[in-house]
Amino acid sequence: MARGKKIYEGKAKILFEGPEPGTIVQYFKDDATAFNAEKKDVIDGKGVLNNRLSEYFMVGLNQIGVPTHFLKRLNMREQLVRSCEIIPLEVIVRNFAAGSMSKRLGIEEGTQLPRPIVEYCYKDDALGDPLVTEEHIAAFGWATQQDMDDILGLALRVNDYLSGVMYGVGIKLIDFKIEIGRVYEGDFQRLVVADEISPDSCRLWDIETGQKLDKDVFRRDLGSLTDAYAEVARRLGVMPKNSGPSKPTLVN
Ligand code: TMP
């Protein structure tokens, strides 16, 4: 497919104009960053794995009636998505304490929380995506009260879906981040899960061993990031074709 004009380049993805109005092509790069891009590397194959994994989760969400921006995967690194206006919030859901919450509140990583806790960060790299409250969100007009009710509902449904899918393959969903987009349909607008859902934006621990299978492997120098992501893909049965040894074939 002829590629449209580049619209935006982020840390892990590039967005191009899609083939039809209202569509966008999302290209997954191999770049990995952490700590607001203070730590960077190029990790061969990460983009391919995240494209597949994000497709898998978005398709699953669509199937259970949680709306997402995902339309279809185009190739190893690209997917077609509906264009939407991203609400400038990172919506984080936590089931177990880890990362910034453990630091901020002095709770040991891995401690189960009494219930899922939803946090919001204002998406602004220059400020380092600061934690904000619903008061800030309402006062600065980043989202309405109705949006916030819908966002909370979406976030908790994604949490139930992802926790269940992961539990089924022996992985504990510690926490994750999603982004929400506004899609306009005539005079109406609705909110959809946008951006990506991948081990870049989740914390995933093996239930038996506690082994980390997410971007903390890169953030904390714990080994091979692609091995970790490939393990998640393998367990879910979404290994990309052409990666790894092919199955023996019968020769007549
Ligand atoms: P945190 O504990 O560092 O705040 O991260 C919470 C979750 O959000 C974790 O699953 C990783 C994810 N995350 C992102 O997707 N992007 C980010 O920029 C950060 C800081 C975290």
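The values are calculated or read from the model by the stated rules, or taken from the named source; none is laboratory data. Keep in mind the model is a prediction, meaning the values are calculated, not measured. Backbone-built Cβ (ideal geometry, glycine too); neighbour counts: all protein chains shown.
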Every residue from the stretch 186-233 that is of a type in the set (Val, Ile, Thr), touching a residue at least 24 places away in the same chain (Cβ under 8 Å) and in contact with a helix residue (DSSP H, G or I) (Cβ under 7 Å, 6 or more places away or on another chain): 193, 197, 226, 232
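Given the options 119, 185, name the one that is within 26 Å of residue 55 (Cα to Cα) and loosely packed, with under 12 Cβ neighbours inside 10 Å. Quick ask: steps written out before the conclusion?
Values: 119 fails: loosely packed, with under 12 Cβ neighbours inside 10 Å.
Exactly one of 119, 185 is within 26 Å of residue 55 (Cα to Cα) and loosely packed, with under 12 Cβ neighbours inside 10 Å, namely 185.
Tell me, which residue of the stretch 23-61 that is assigned to a loop (DSSP other than H, G, I, E, B) and more than 18 Å from the chain's Cα centre (by Cα) is farthest from the ligand (Cβ to nearest atom)?
Taking the stretch 23-61 first, the residues assigned to a loop (DSSP other than H, G, I, E, B) are 29-30, 35-38, 43-45.
From the residues that got through so far, the ones that are more than 18 Å from the chain's Cα centre (by Cα) too are 38, 44.
Numbers: 38: 12, 44: 21 Å.
So the residue we want is 44.
Can you name the residue in the stretch 67-76 that is within 15 Å of the chain's Cα centre (by Cα) and in a loop (DSSP other than H, G, I, E, B) and, of all such residues, is surrounded by the most Cβ atoms within 10 Å (Cβ to Cβ)? Even if it seems obvious, please write down each step before you answer.
So the first thing to find is which residues in the stretch 67-76 are within 15 Å of the chain's Cα centre (by Cα), and the list is 67-70.
From what is left, the residues that are in a loop (DSSP other than H, G, I, E, B) are 67, 69.
Values: 67: 16, 69: 25.
Among those that are within 15 Å of the chain's Cα centre (by Cα) and in a loop (DSSP other than H, G, I, E, B), it is 69.
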Pair list, Cβ < 8 Å and 6+ apart or interchain, from the stretch 1-23 residues that are within 15 Å of residue 196 (Cα to Cα) and of a type in the set (Lys, Arg) to residues that are at pLDDT 95 or above and not in a loop (DSSP other than H, G, I, E, B): 11/31; 11/33; 13/26; 13/27; 13/28
Test result for residue 214, of a type in the set (D, E, K, R) and in contact with a strand residue (DSSP E or B) (Cβ under 7 Å, 6 or more places away or on another chain): yes
Pairs, first free of Cβ contacts under 8 Å to residues at least 24 places away in the same chain in the stretch 139-150, second charged (D, E, K, R), C-beta under 7 Å, six or more apart: 148/134
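Looking for whichever is of a type outside the set (Val, Ile, Thr), within 17 Å of residue 7 (Cβ to Cβ), in a loop (DSSP other than H, G, I, E, B) and at pLDDT 95 or above here; the options are 109, 20. Which one fits? Can you show your working first?
Details: 109 fails: within 17 Å of residue 7 (Cβ to Cβ).
Of the residues listed, the single one that is of a type outside the set (Val, Ile, Thr), within 17 Å of residue 7 (Cβ to Cβ), in a loop (DSSP other than H, G, I, E, B) and at pLDDT 95 or above is 20.
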Single residue of 178, 197 found to be outside any loop (DSSP other than H, G, I, E, B), aliphatic (A, V, I, L, M) and surrounded by 12 or more Cβ atoms within 10 Å (Cβ to Cβ): 178
Single residue of the stretch 82-106 satisfying the filter (part of a strand (DSSP E or B) and more than 9 Å from the ligand (Cβ to nearest atom)) that is farthest from residue 194 (Cα to Cα): 96
Which numbered condition residue 100 fails, given (1) within 28 Å of residue 14 (Cβ to Cβ); (2) in contact with a helix residue (DSSP H, G or I) (Cβ under 9 Å, 6 or more places away or on another chain): (2)
Subset tally (residues that are over 12 Å from the mean Cα position of the chain (by Cα) and of a type in the set (D, E, K, R)) for the stretch 148-180: 5
Selection within the stretch 156-175 - surrounded by fewer than 20 Cβ atoms within 10 Å (Cβ to Cβ), within 14 Å of residue 204 (Cβ to Cβ) and not aromatic (Phe, Trp, Tyr): 159, 163, 164, 165, 168, 169, 170, 172
